[in-house]
1. Using r as the Cβ-Cβ distance of residue 428 and residue 15, and R0 as 41 Å, what FRET efficiency do you calculate, to the nearest 0.05?
2. At 7 Å along the Cα-to-beta-carbon direction for both residue 59 and residue 265, put a label point, then send me their distance in nm to one decimal.
3. I need the calculated FRET efficiency for the pair residue 272 and residue 191, taking r as the beta carbon distance and R₀ as 56 Å, to the nearest 0.05.
4. What pairs in 48/79; 276/444; 249/276; 186/221 have C-alpha atoms more than 20 Å from each other?
5. May I ask for the net charge around residue 308, where only other residues with Cβ less than 13 Å from the Cβ of residue 308 are counted and Lys, Arg are +1 while Asp, Glu are -1?
6. Using label points projected 7 Å from each Cα along Cα→Cβ, tell me how many nm separate residue 174 and residue 70, to one decimal.
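Nothing in this text is a laboratory measurement; each read-out follows from the coordinates by a stated rule. All figures in this text were calculated on a predicted structure; none of them were measured in a lab. Reconstructed Cβ throughout: ideal geometry from the backbone, glycine too, with neighbour counts over all protein chains shown.
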Amino acid sequence: MKIKRQITLLISGIIIIPLLSVFIISMILFWDSSKKTMIEEFNQVRIKNEGNLPFEDWENLNSFISRLPNKVEIVIVFKNNIIFSNMKGFENNDNVFLKNIFTLVRETSDKFNYHFESITFSKDDQNTTGYIFSRSPVRKVNHRPKPATFIRYIAITLAILEITAVCIIIHISKNISNSIVFLKSKTDQIAIGNLESEITNPGKGSNEISQVAENLEKMRKSLRYNEERRNKFLMGMSHDLRTPVALIKGYTEAIIDGIVHGEDKVRESALLINSKTEQLENLITDMINYIKLENQPPEQNLIKTSLREYINQQAIQMESASQLYKRNFKYSIDIDEKTVIMLDQTMYIRTIENLFSNALRYTKENDTITFTATESEQDISISMEDTGMGISEKDKNHIFELLYRGTNSRREEGFGIGLSVVKSIADTHGWTIDVDSKLNMGTKFTIRIRKSQ
C-alpha cells in the first residue's frame, strides 16, 4: 500500500474511529437505558394527545425529557390530571396522584430523591400552569460514587484506540525511517563508486520505498554494466591499437636505422606500414562511430524513406562488391513500392554494410551471399545469408558483445565492433535482430522493422 494512503487512512482512523465509537456506545447505552423506554411511552401519549395540548407544548415537554438523566421517573400533571407518567403505581389520567403524593414521598424518601417543578402550558392562548413531579434513586453514602457507565466505556475505548494509533504511528515511522536510512547507505555506496552491493527491498509489500529500491537496483546494474563495458572497451581498444602502432613503429625504425635496405625491401615495408595505417584508421573510425551511436538519439535523424527503392540501390552496390571479391550474390526484394517508413538512412546503411562486410569476410571464393527483403502486414524483414564458415554454439550468444571475437573470427582481420554497432542501431530504433548459424554451413542475420514505428 502506498505510504501516502497509509498515513491518510491512519489519520482518518484516529479522527473517525473515536467519534464513531462514542456514537455507537451512546446509541447502545441509550438503547438499553430507561430513558429510551420513557421517550417511547411519551411519544405514544403525544400521538394520542388526550390533553389536547398544542404542538409547541409537546415539543417543550419532549425537550425537557430528553435532558433528564437516566433512571429518572416523572409524572406530568395538567389540570389535576396526569397526562404522562412512567412512575410505578401511577397510570396516566390517574387523578388520585395529588391526594397520595405526600404519602408516597414520606414512605419512599429513603429510596428516592424527589423534585417538584411547575410548568406553564399555552392551552387556548391562555397560560395554564401544570406540574412535573420527578424522582431518582438515592445513592448510598457509604459507597464511593462510581463514574457513569457511559463515561467509563468512552474512556476505555478512547484509551485503546489512542494506544493502537500511537503503536501504528510508531510502526509506520520506524519502517519509513529504516527504509530511508537503508536507501541512504546504498546511495552513498553508489556515490563513491561501489556498485557491487545489491539493493534489495527494505520492507515487505509494494510502496514508494520499494519502488525506489527497485529503481536504484536497476540503476546500479546499469552503471555496473556500463562500467564493465567501458573498461572492456578501453582495454580492447588499447590492445587493438597497440598492435598496428607497434608494427608501424618497428618497420619505420628499421627503415631509418638502415636495417631494411634495398628498393624492394623498403617498398615492401612501406606497403605494410600503409596497410597497418589503414587498419588503424578503420579502427579509429569504428570507435568514433560507435561512440557517436551511443550518445546520439536516433529520433532526430529519422526521414521518410521509400524502402523498396532504397534497398534495391543497396543490393546493386553489394552485387558489384561481391563480383570484385569473387562471391556469388543473389538478392530478392518483395516490398511494395508505396511502403514508406521513418528511417535513419545513415544508420541503416551502416547496419547493412556491417552485415555484408561480415559475410564477405567469413566466406571463400565462389561461396554464396543471399540478400532478401520481404514485407508482411506487421513488419519488414531484411536478411543477409551466406554459406561461409558459420558460428559455433559457444560463440553465438556473445557475437553482439562489444570487442568480442569468436573462435573463427580470430583468424580474420577485425576488431569485434561491427556486430555491436548493428545491435546498438537495432535496439535504438526498436528493431529486432536474430541470427541463425551452423558451424561450416553458413550464417543468416535477420532484421525486422515494424511498420508502425
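1. Computed FRET efficiency for residue 428 and residue 15 comes out at 0.15.
2. 13.0 nm
3. E(calc), rounded to 0.05, equals 0.65.
4. Table pairs above 20 Å Cα-Cα are 276/444.
5. Spelling it out: positives minus negatives among the neighbours equals -4.
6. Reported label-point gap for residue 174 and residue 70 is 3.9 nm.
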